[in-house]
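The next block holds one structure in the form of structure tokens; read it before the comments.
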Amino acid sequence: MKTLVSGIQPTGKLTLGNYLGAIKQFVALQNTLEEGDEFFVFIADLHAITIPQIPTELRNAVKSLAAVYLACGLNPEKITLFIQSEVTEHAELGYLMQTISYIGELERMTQYKDKMQKQTQGVSSALLTYPVLMAGDILLYNANFVPVGEDQKQHLELTRNLAERFNSRYSETFNVPNPLITKTGAKIMSLQDPTKKMSKSDPLEKSCIYLLDDEATIKRKIASAVTDSDGVISYDPVNKPGIANLLTILSATTLVPIDELVNKYKDANYSTFKADVAEAIVNELKPIQARYNELLKTQELDNVLNQGREKASYFARKTLTKVKRKMGILRK
Ligand code: AMP
Ligand code: TRP
């Protein structure tokens, strides 16, 4: 029996990079679950507010992300989907874990150092304690595995340290969780600068395909993707990063191996190839978008989120009671 936990922040519009690098992997993972396994996927709204958010936009983003997840194929019969703030034990365990974390180890986190520099109106203390809240998210469900991107490895390392520290200070309580890092090939690059990651915070719209882009937009963005001038389709990320990126996108989308694609397109020109890449993306995203729009209109989304909250709360309450008892803060 194993437990998986992962959270996603409801900030910015999701890109094809998020889909191919993370969401598609979650869907694949859900299909490997066995009887008794649990997979908790939550929308990390408490993490999002560690930097200033516009409340109405945040509320929409939470709902939108939930709909995207279901539309992409996460199945509420197999996984537990919920909103972090609705299971109040997250904040509570996050606080309790703060009592065993050190300021020094938090100040060393790379993501904190990066994000801190971008703050113009003061750095919130929650930005510093963000990784402790994340540790709480994971330990609350006693996770064995945490599927995350490479950038979250350091936070996972901290979670492992905190789990061990708690266990040695108060007796064996938590599993020490392992990261499940997305496999390679799942790093989708910017369409305008293929040496940079496709990122939802990129101000240049043309550099990203967004999950909710319409057909014409997708075609236009792929047609204007930066390539090179030698006219040969081969996989060479160093010298031909643009073509390599399009091959990666096509392969990750259609699940056809890259060498087969290279062979198929060896006599094709860039515009034919690009047209096929665009079409493959459109074919992949169209049903997702249709389902997304449907989900936003029905009661189904709320039902799934309510059910997710109830199930997650049950597990969370159990852990929290145990933790408090060990720390000596329950009357009995
Ligand atoms: P972020 O957009 O940084 O909040 O990341 C959310 C998830 O999507 C993480 O698991 C990332 O590793 C993944 N992700 C984001 N951008 C890309 C990309 N360009 N290629 C592959 N995976 C990505
Ligand atoms: N910090 C993660 C990110 O920015 C999101 C996250 C919050 C998370 N809590 C988590 C991921 C717990 C995995 C497990 O991507």
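The table that follows gives values for the structure above.
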read-out	value
Near pairs, Cβ below 8 angstrom, 6+ apart or cross-chain, from the range 140-157 (in the same structural domain as Ala22 (by TED's automatic domain parsing)) to any residue that is among the charged types (D, E, K, R) and more than 10 Å from ligand 1 (Cβ to nearest atom)	Leu140/Glu89; Tyr141/Glu38; Asn144/Lys2; Phe145/Lys2
Filtered residue count, the range 119-138, keeping only those that are touching a residue at least 60 places away in the same chain (Cβ under 8 Å) and more than 10 Å from ligand 2 (Cβ to nearest atom)	5
Residues of the range 149-167 classified as closer than 17 Å to His47 by Cα, part of a helix (DSSP H, G or I) and of a type outside the set (Val, Ile, Thr), total	7
Output for the range 129-156, where each listed residue is more than 16 Å from ligand 1 (Cβ to nearest atom) and surrounded by fewer than 19 Cβ atoms within 10 Å (Cβ to Cβ)	Asn142, Asn144
Lys197 being within 12 Å of ligand 2 (Cβ to nearest atom), touching a residue at least 60 places away in the same chain (Cβ under 8 Å) and either farther than 23 Å from Ala312 by Cβ or surrounded by fewer than 16 Cβ atoms within 10 Å (Cβ to Cβ) (or both)	no
Residue within the range 43-51 that is surrounded by 15 or more Cβ atoms within 10 Å (Cβ to Cβ) and in a strand (DSSP E or B) present	yes
Helices (runs of 4 or more DSSP H) within the range 52-128 that include 2 or more residues surrounded by fewer than 15 Cβ atoms within 10 Å (Cβ to Cβ) and in contact with a strand residue (DSSP E or B) (Cβ under 6 Å, 6 or more places away or on another chain)	none
Answer from Val62, Val27 - the residue that is within 14 Å of ligand 2 (Cβ to nearest atom) and either in the same structural domain as Gly149 (by TED's automatic domain parsing) or among the polar types (S, T, N, Q) (or both)	Val62
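The values are calculated or read from the model by the stated rules, or taken from the named source; none is laboratory data. All figures in this text were calculated on a predicted structure; none of them were measured in a lab. Positions of Cβ are generated from backbone atoms using ideal geometry, with glycine treated the same way; all protein chains shown enter the neighbour counts.
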